[in-house]
Amino acid sequence: MMKLVRDRKSTRVRAVLAVVREAPPDNDLHAGSYQFVSLRDIRRRAEQHGYHAEEFWLGRDGLGPERLGDILQARGVEGIIVSPQSSRMLCAQLDYSRFAAATFGYGLPTPSLHRAGGNMNLGIQLAVAELLARGYRRIGLAITEWIDSRAQHAYSGAMLHLQQGMPRSHRVPLLLFPHNDFSRCAHAFRTWVRAHRPDALISFDTHVPEWLRQFGLRIPEDIGLVVHDWTDSMQAFAGIHQRRDHVAAAAVDLVATQLLHHERGVPVVPRQILIPPAWVDGPSVRPVSAVLSSNPR
């Protein structure tokens with residue numbers, strides 16, 4: 001009996017859980033460092049279930065979907081987590097009938113797998129509420145069409161909804177950049193800022209701060225900046241933290257549950273787990289205390 005108890009407490013690596021990535025194009029938004037969740041976070045949860053997570057890169061060294069499926073099956077891999085990052089969507093061509101699968105966010109629209117992601121709609125609501133509490137009024141959203149489409153328009157939908165409750169004079173039209181190569185968007189950004197004069201932005205940590213400085217705008221004295229997808233490397237900014245570690249854990253749990261129940265293939269009714277984001281304060285927005293001190297009771 002005691003041996004059984006000890007065995008249950010010990011964590012054993014039973015099998016490999018495949019993390020399928022796509023070799024990304026060479027531009028800023030699709031860079032390898034922009035992968036939605038880290039392998040470290042996936043591995044941490046996988047090992048709690050007794051699995052070892054290993055990366056496989058579609059499109060790298062000529063590895064195609066059919067060949068990868070055969071390799072995984074030959075190795076006895078039954079569970080996969082798909083992390084689509086490029087617009088090529090090679091992962092959509094995998095034969096999922098052989099695997100228990102889940103994916104991150106809405107980057108893979110079809111086939112519709114079980115998925116875990118951040119609640120982008122709630123993130124925008126949270127960011128706008130924090131900015132309003134700091135005295136900002138003309139809040140602008142500047143992201144790419146690709147990111148907004150990938151999130152099923154959760155960014156633009158949330159912002160347009162919030163604007164309906166604002167005075168018309170405070171509403172700033174959305175800026176959705178057409179290029180994934182963000183460095184090509186400087187002219188569109190400059191034109192938009194000069195035309196609509198936002199006093200706060202929800203946007204990127206790259207290029208945008210330098211562009212604002214070129215316009216003679218100080219952060220946060222003249223304009224506040226919130227990073228739409230904050231990570232630990234962005235300590236110089238306030239942002240929306242999508243809690244990718246929890247997103248990773250939720251995706252692993254979805255696959256582990258399928259394996260436990262011997263479920264394979266594309267589900268008839270896919271389950272979706274949305275992790276609520278968190279606000280991260282930072283020096284790119286003025287503190288609430290500054291607003292309170294300027295408006296004493």
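The packing ranking, built from the mean of other Cβ atoms within 10 Å per residue, places the peptides 252-263, 177-188 in the order 252-263, 177-188, highest first.
In the set (1) 22.5, 82; (2) 20.2, 74; (3) 21.7, 74, the label that goes with Rg and Dmax of the Cα atoms in Å computed for this structure is (3). With a Förster radius of 22 Å applied to the C-beta separation of Arg40 and Leu122, the computed FRET efficiency comes to 0.30.
Using C-alpha pairs below 8 Å separated by at least 6 residues, the relative contact order for region 200-247 is 36 percent. Modelled this way, with points 7 Å down the Cα-to-C-beta line, the labels at Gln73 and Leu132 are 5.4 nm from one another. For the pair Glu66 and Gln152 in one chain, pulling the backbone fully straight at 0.36 nm per residue adds 28.1 nm over the alpha carbon distance.
The mean sequence separation of alpha-carbon pairs under 8 Å and at least six residues apart, normalised by the residue count of region 39-107, gives a relative contact order of 28 percent.
Taking amide hydrogens as placed 1.01 Å from N in the peptide plane, the amide H of Leu141 sits under 5 Å from those of Leu175, Ile202, each at least 5 positions away in sequence or on another chain. Ordering of 235-241, 169-175, 279-285 by packing is 235-241, 279-285, 169-175, highest average first (other Cβ atoms within 10 Å, averaged per residue). The peptide list 221-228, 93-100, put in order of mean Cβ contacts within 10 Å with the highest first, becomes 221-228, 93-100.
Relative contact order for the chain: 23 percent, from Cα pairs under 8 Å spaced at least 6 residues apart, divided by residue count.
Model label sites at Val288 and Glu145, defined 7 Å from Cα along the beta-carbon direction, differ in position by 3.9 nm.
Laboratory data are not the source of any read-out in this text; all were calculated from the coordinates shown. Small disclaimer: the values here were computed from a predicted structure and weren't measured. So basically every Cβ, Gly included, is an ideal-geometry build from the backbone, and we count neighbours across all protein chains shown.
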